[in-house]
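The values are calculated or read from the model by the stated rules, or taken from the named source; none is laboratory data. From a predicted model like this one, the values you see are computed outputs, not experimental measurements. A quick note on method: Cβ atoms are made from the backbone with ideal geometry, for glycine too, and the neighbour counts reach across all protein chains shown. Side chains are part of the model used for accessible areas, which takes the heavy atoms of the whole protein and leaves out ligands, DNA and RNA. Shrake-Rupley method; radii C 1.70, N 1.55, O 1.52, S 1.80 Å.
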Amino acid sequence: MQVFFAANAPQKCRFVTSFLSLNSFKIVGIIKLKPYKMEEFILESNIKLFYIQAISFPEGVLEAHQKLHNMVPFSRDRKYFGISRPENGIIVYKAATEETFANEAEKYNCQTLLLKKGKYISIIVEHFRENPQKIKDAFDQLIKHYDLAPEGYCVEWYNNVEDTVNCFIRLRKQ
């Protein structure tokens, strides 16, 4: 007999519901996972970004970041992002970095977008490289917020020194 734990809501867990009818599995405990701490923050100024669009999501995300980093030399002083949102029924993902000088996007033949200043709801995810699923979990929690801007992006802002990423979404009320 196989034994496993179910987290938070075992009746909704895809593994539990798949195996509830099988006698070879037994739930021996439920682990309550703490939700991430959501905080509001103000992005003080617009950030002009240029990006490489992933071919698919989530499969093409790593490749898009690799292409961006091969094109633009890595710098601890540069800001790096992942930007996504649904467009025409599919999630479109863009690996992005800030423009550090005028017309830098044109130099690399890339499209741009503007990360708008304003109020955002955010979750800081630590040690995301050990478990990239933490980023998805953070956005699953963030998208439940009652006051999200309908045209907003899901934004990942990578810290270049620590293994952290700030996940955030723009709020409607500014």
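Each of the peptides 58-65, 95-102 was scored by the mean count of other Cβ atoms within 10 Å over its residues; in descending order, highest first, they stand as 95-102, 58-65. The trypsin sites (Lys or Arg not before Pro) of segment 97-143 that DSSP puts in a loop, and whose beta carbon has at most 13 other beta carbons within 10 Å, are Arg129. Residues Ser45, Ser122, Ser56, sorted by accessible area with the largest first, give Ser45, Ser56, Ser122 [1.4 Å probe; ligands and nucleic acids excluded].
Once the C-beta distance of Glu162 and Glu59 is scaled by a Förster radius of 25 Å, the resulting FRET efficiency is 0.40 to the nearest 0.05.
If the chain linking Gln174 and Asn88 were pulled fully straight, counting 0.36 nm for each residue of separation and taking away their Cα-Cα distance, it would gain 28.3 nm. On a 18 Å Cα-Cα criterion, which of the cross-link pairs Lys116/Lys144; Lys67/Lys107; Lys37/Lys144 come out too long? Correct reply: Lys116/Lys144.
Let a ≥ b ≥ c be the square roots of the eigenvalues of the Cα gyration tensor of segment 101-174; is it rounded (a/c under 1.5), or, if not, prolate (a/b larger than b/c) or oblate? Oblate, because a/c is 1.5 or more while a/b does not exceed b/c.
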